[in-house]
1. Name, by its number, the condition in (1) surrounded by 15 or more Cβ atoms within 10 Å (Cβ to Cβ); (2) at the interface with another protein chain (Cβ under 7 Å from one of its Cβ atoms); (3) within 18 Å of B:V156 (Cβ to Cβ) that does not hold for A:V160.
2. Could you tell me whether B:V79 is free of Cβ contacts under 8 Å to residues at least 24 places away in the same chain, within 23 Å of B:E113 (Cα to Cα) and β-branched (V, I, T)?
3. Picking from B:F149, B:F139, which residue would you name as being crowded, with 18+ Cβ neighbours inside 10 Å, under 20 Å from A:D17 (Cβ atoms) and not charged (D, E, K, R)?
4. Out of B:L78, B:L131, report the one residue that is buried (at least 16 other Cβ atoms within 10 Å of the Cβ) and touching a Ser or Thr at 6+ places or on another chain (Cβ under 7 Å).
5. Looking at (1) near DNA strand C (Cβ under 10 Å from one of its atoms); (2) of a type outside the set (F, W, Y); (3) closer than 19 Å to A:F102 by Cβ; (4) surrounded by fewer than 21 Cβ atoms within 10 Å (Cβ to Cβ), can you tell me which one A:L59 breaks?
6. Just need a number here: residues in segment B:36-52 that are touching a residue at least 24 places away in the same chain (Cβ under 8 Å) and open to solvent by 30 Å² or more (accessible area, probe 1.4 Å).
7. Just name the residue that is farthest from DNA strand D (Cβ to nearest atom) out of those in segment A:24-44 that are of a type in the set (S, T, N, Q) and facing chain B (nearest Cβ under 8 Å).
8. Go through (1) within 15 Å of the chain's Cα centre (by Cα); (2) open to solvent by 60 Å² or more (accessible area, probe 1.4 Å); (3) over 21 Å from A:A117 (Cβ atoms) for B:N33 and report which single condition fails.
There are 2 protein chains.
Amino acid sequence: MSEIPASEQAQLDAARDEFVAQWGAMGSSWGINRTMAQIHALLMITPRPLSTDEVMEELKISRGNAHMNLRDLVGWGLVRSVIRKGERKEFFEAERDVWKMFCTIVRERKRREIEPAIAVLKGCVDRVEGLESPEAKAFSEQTQALCEFMETADAVLSRVARSDESVVLPWALKYLAK
Amino acid sequence: MSEIPASEQAQLDAARDEFVAQWGAMGSSWGINRTMAQIHALLMITPRPLSTDEVMEELKISRGNAHMNLRDLVGWGLVRSVIRKGERKEFFEAERDVWKMFCTIVRERKRREIEPAIAVLKGCVDRVEGLESPEAKAFSEQTQALCEFMETADAVLSRVARSDESVVLPWALKYLAK
DNA sequence: CGGAACTTTCAGTAAGTATTGAAAGCTCTG
DNA sequence: CAGAGCTTTCAATACTTACTGAAAGTTCCG
């Protein structure tokens, strides 16, 4: 049996806590709720599935909170639930491949945010069709430019996130990075 | 003098309000404060610089709020202030070129969010260097993968946002979009 | 210098979001 | 079909973030 000094364990625990806290803070600034980001962080760095109770315990959060955010993460496709045979409890495990994670996030944000935005912009463009005042012209031009931009972004992201390409992607991007 | 029927004006106003409201809502979901996004929207679709008072009036917000958010927008480089000769008031005008806007946002988010994130991740990697337990190994591998990912993203975005390329960019991306 | 015109700050408050904890719902098993 | 074990929901509440409005600060001009 190999030795794992208590001090090393403490050092690791501290690093893990730091990571979870920071990932949570980052989430906030990207419009993602702190707890959700923390749970995600915790699952990413834990090499085995965790139960709701373990998540509650680690992060000192309530059952309701843990439950809801785990569900959301599953909804995003970033976490999957695992049922062990013979156990009634549900366990959760995060996708650990960063490129797959990236593709998943791109795909979801595209669906949840970019596509609706395009619809809204198109609506705005339509509403002023045919108006002749200079103000109307300015409005129409700007909304149309934004709309085209979003459509291009949408198309580019579709290509980038095409799941069967997630193996090539790191390679391609690293090349792009020069 | 050309005719601009009141109904057309009303139609335009409604469309403008809709656009401002929706852009504000979009901002929220991207972690940007609603008012800031609304001011940005308003300035984008107004073909002349506006004063703080005009912004307050249009959006029905307080002076303090208008002021702070205008400052933030200037800080992001999305809005510039214009001083007309002979006038003491300050006016504000948004960048209208969507590709320049895009580059500005990329550059700022990179600086404010990606770079600090890389620093944090590096810190986490360092803290567990040399630890041997399997848990430590898992942690170290995951943080390292995230760190490399962020560095690649950082490099790619640097290239994309290089300001002198903002003319080629639309072309390049439209090509990428297939 | 006095004060008009405008900008900036910030304590207090309002509005919006996230969290808790307890109750209600399932589902399996004896 | 009773109840243990686990999940789900949600009203109440805590926390966070954004906004207001008034006061203080700056700049310019006669």
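The values are calculated or read from the model by the stated rules, or taken from the named source; none is laboratory data. Just so we're clear, the structure is a prediction, and the values are computed from it rather than from any experiment. Methodologically, a virtual Cβ is constructed for each residue, glycine included, from the backbone with ideal geometry; neighbour enumeration extends over all protein chains shown. For the accessible areas, the whole protein counts, side chains as well, though only heavy atoms, and no ligand, DNA or RNA atoms are used. Shrake-Rupley method; radii C 1.70, N 1.55, O 1.52, S 1.80 Å.
1. All conditions pass for A:V160, except number (2).
2. Numbers: free of Cβ contacts under 8 Å to residues at least 24 places away in the same chain: no; within 23 Å of B:E113 (Cα to Cα): yes; β-branched (V, I, T): yes.
Spelling it out, it is not the case that B:V79 is free of Cβ contacts under 8 Å to residues at least 24 places away in the same chain, within 23 Å of B:E113 (Cα to Cα) and β-branched (V, I, T).
3. On the way: B:F149 fails: under 20 Å from A:D17 (Cβ atoms).
Result of the check over B:F149, B:F139: B:F139.
4. Numbers: B:L131 fails: touching a Ser or Thr at 6+ places or on another chain (Cβ under 7 Å).
The unique qualifying residue is B:L78.
5. So the condition that A:L59 fails would be (3).
6. 1
7. Of the residues in segment A:24-44, the ones of a type in the set (S, T, N, Q) are A:28-29, A:33, A:35, A:38.
Next, only the ones that are facing chain B (nearest Cβ under 8 Å) stay: A:28-29.
Values: A:S28: 5, A:S29: 8 Å.
Ranking the qualifying residues of segment A:24-44, first place goes to A:S29.
8. The one condition B:N33 does not meet is (3).
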